[in-house]
Structures are given as structure tokens and as C-alpha cells.
Amino acid sequence: MSTPRPFSIAVDDAVLTDLHDRLDHFRALPDSPRRPSSGMTAAYLAELVASWRAWDWRAREAWLNRHPQFLADIGDSTIHFAHLRSARADAPALLVMHGWPHTFALQLDFADLLPDFHVVVASLPGFAYSSPYAAGPVTEVRLAQTMHELMTDVLGYRTYLTYGEDVSANVNDLIAGSYPDAVAGILVTHSHFPSREERQHLTAPDEIAFFERLDNWGGRNGAYGHVQATRPDTLAAALNDSPAGLLAWLAEKLVEWSDTPEGDPRAVETRISRERILTEAMIYWTTQCIGSSFRPYYEGADQPDRMPPVEVPASVHIQRHEADYPEALARRFYRDLRTFERLNEGGHFAAAEVPTTMADRARWLAREVRAL
């Protein structure tokens, strides 16, 4: 365990020159007949590539660096995090974790809305500026331990609130379930899923129907996860060599998983601006972390067979892509459920898509547990 050391993003000029050269030689996709779920559209990708080529990265880099960032050694990984301290010394601490395919940067707008908190926006091991674990698999239990050690042993917070999305949703639950003495409350937009074995014993019609719908959706739209779990290195070789390919792979999911109408991929920018999309692509490109970001998919960071129930206060806000999630599931798992809500807006990337809404929910939880 190490003392945090300051960190600033500084992309070398030669990296930018190489990137611009590759984008200059982008081979646009030819038009072809499309099915609704066939992937990134040629026209929108061409727009994004042109915007990336003309984009002022240095201005965005400066914006990112206005958020104090640090590195700390935890176990066999170096963890990167932004640490936005409140002017109030006794403000509550909030851990914010991303998933895939986003990075810490996509959650900074949310963090900026919480000056009454000490906000820690962490990069998971192998993402952005955090190094991968040097040995052993990436599991959710291990990720939970690393994030807990960051908040307590490294930063010295006696108690904290926690929030996670996507890959870190189960990590969020595991932190709250495993370290109840340190977690004052848990904020949730991806509510707990029972394990595959546990789902075999469900009897409530709405619970069975929910998971049948998800399985049906995954069968049509889950190719990305299957490839990342079975042929990650082959895919990473292609994406690490082609910025346009990388951009298409990342942006497709931002389009598909955000709370926007189907049909026009540009609608994603009503939730996640083009600059924020390009920021994600730029971080993946310049850190060459796309391959290590696949590790949770093929090294075991899927849901444990059984997770400890969460006994600490929980505030659950169901994002739109899981709008039919049964409330009874949440009440069985979160034993001290203070509120259950179905969001009117906001999809998979809720903290990024509706940051004001989620900042309000974080404040409500902090007041509820008398931390604010």
C-alpha cells in the first residue's frame, strides 16, 4: 500500500501525430443493407472519425486535469483515481465506479455536481491509467477488495457511500455486503441479479419473465461479450491498431445502451455528448488498455454463485433498460431498502446520462443515513 501521488494526463505529441495519420487514412465502410442490430452505422462512424481528427484534445486534456488525480499502489496493481474533495472537512465520502466500455472520465460531470461530498472516481485495474493486476484473475471479489482498500487504507475514510455501474454493479453490491462497518449506504441503478442457479428456483411470473426477456435480448445482442470472453486477444489486436475500429466498438455500446430512441445513432449525443464519446475513445487509444479492459469478461469477473445480502441502507433507482426489474428481487437482497424508484430517464450509463438526477439521489441517500 502506498501514499497517493499526484498524476496528470499528458499525451505525447508523437502519439497525437500518429493518431491523426491513422485517422487521415481511415477507410470508410461501404454502404450495405442493414438489419436493426447489425452494429455501428457507416455514416455516423464517418462523422465521429472526422470530429476526432479535428478535435482539440489539448483543451479536453486540460479539462480532465482540472480534476485532481492520483495514483496509489494497492496489491499488485497501481490504481488511478480522481479525488474531488469538498470544502467541508466532514463531508461524506462517495466512491464512484465505472464499467465497460466507459472510463472514469464519463462520470466526472456527475462528480462535479457534488461539491458537498468527497468524491472518489476510480479507474478499475486495467482501465485507463490503472495498471492491470500483475497476477491472478480479475474477479469481482478482488475488485471489491481493491476499491475498499482504496477508500479506507489509502484515503483514510472511516465510512463511505458507494456507487457502481455495469462491470462494477456487482462490485458495488459486494463492497456493501462484505464491508458493512465501512459502507454507510449504497446507491444502485443496476439492481442485484440472482445467480444463474438461483434463477432456476424463481416462481414469481414477473421475475421469470424479466430474466427470459434479458436472455432473449442477450441472444440477439450479446456478441460483443461472447467475443471478449472467448477471443479477447484477437479482438484487442484489431482495436489497438485501428482508432476507427476502436471508436466503432466503444461508440456502438454507448449508442445501444443509452436511453435514446432507436433508429438515429446521433440521438446518443442528447445524453452523452460527442466530446464525451471522443474522450472515452481517446483514453482507450492512448493508454492501449482495450485488451486489459476485456479481462473481466474472460478471467472470472462474472457474478459469484452466491453474494452476501446487503444489510446497509440502500437506495435503488432502476435505469430505463431494466425498467421491468421486479421490486421484490431488490427487497429480498437489499435488507434495508430505503427507496425503490424506476427512473423516468437514463439508461445503462445513468450517472453520465442523467447526472443531475443521480446527484440528487446521492444527496437524498446521504441525508437519509445522516451523512450530509
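The values are calculated or read from the model by the stated rules, or taken from the named source; none is laboratory data. Computed from a predicted structure; not experimentally measured. Cβ: placed from backbone, ideal geometry, glycine included. Neighbour counts: every protein chain shown.
Using beta carbons and a limit of 6 Å, which pairs, at least six apart or on different chains, have the first residue in segment 277-289 and under 14 Å from ILE9 (Cα atoms) and the second one surrounded by fewer than 23 Cβ atoms within 10 Å (Cβ to Cβ) and β-branched (Val, Ile, Thr)? These pairs meet every condition: THR286/VAL11; THR286/VAL15.
What about PHE81, is it within 30 Å of VAL141 (Cβ to Cβ), among the aromatic types (Phe, Trp, Tyr) and in contact with a His (Cβ under 7 Å, 6 or more places away or on another chain)? Here the answer is no, as PHE81 does not meet what is asked.
Taken over segment 113-131, the criterion of being in a loop (DSSP other than H, G, I, E, B) and more than 24 Å from ILE290 (Cβ to Cβ) is satisfied by LEU113, LEU114, PRO115, ASP116, PHE117. Just one residue in the set ASP259, ASP233 is charged (D, E, K, R) and surrounded by fewer than 16 Cβ atoms within 10 Å (Cβ to Cβ); that residue is ASP233. Looking across segment 209-263 at every residue that is acidic (Asp, Glu) and closer than 23 Å to ARG22 by Cα, the one that is nearest to the chain's Cα centre (by Cα) is identified as GLU252.
Regarding segment 292-310, can at least one residue be identified that is without any contact (Cβ under 8 Å) to a residue 12 or more places away in the chain and more than 15 Å from LEU250 (Cβ to Cβ)? No, segment 292-310 contains no residue that is without any contact (Cβ under 8 Å) to a residue 12 or more places away in the chain and more than 15 Å from LEU250 (Cβ to Cβ).
Of the helices (runs of 4 or more DSSP H) entirely within segment 1-112, those holding at least 1 residues that are under 26 Å from ARG158 (Cα atoms) occupy 108-112.
Evaluating ARG274 against the criteria (1) without any contact (Cβ under 8 Å) to a residue 60 or more places away in the chain; (2) surrounded by fewer than 20 Cβ atoms within 10 Å (Cβ to Cβ) leaves one unmet condition, (1).
Here is a check on your reading of the model: is SER178 over 19 Å from the mean Cα position of the chain (by Cα), at pLDDT below 95 and over 20 Å from ALA362 (Cβ atoms)? So SER178 fails the test.
A quick yes/no check of all residues on (1) more than 27 Å from ILE186 (Cβ to Cβ); (2) under 26 Å from the mean Cα position of the chain (by Cα); (3) surrounded by 14 or more Cβ atoms within 10 Å (Cβ to Cβ):
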residue: PRO6; (1), (2), (3): yes, yes, no
residue: ALA14; (1), (2), (3): yes, no, no
residue: LEU23; (1), (2), (3): yes, no, yes
residue: ARG53; (1), (2), (3): yes, yes, yes
residue: ALA62; (1), (2), (3): yes, yes, no
residue: ALA72; (1), (2), (3): no, yes, yes
residue: ARG85; (1), (2), (3): no, yes, yes
residue: ARG88; (1), (2), (3): no, no, no
residue: GLY99; (1), (2), (3): no, yes, yes
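Counted as qualifying within segment 258-372 are the helices (runs of 4 or more DSSP H) with 1 or more residues that are more than 27 Å from GLN228 (Cβ to Cβ) and either touching an Asp or Glu at 6+ places or on another chain (Cβ under 7 Å) or of a type in the set (Lys, Arg) (or both), namely 327-333, 355-368.
Can you tell me which residue within segment 201-216, out of those that are out of contact with any helix residue (DSSP H, G or I) (no Cβ under 9 Å at 6 or more places or on another chain) and not polar (S, T, N, Q), is modelled with the lowest pLDDT? The extreme case among them is ASP215.
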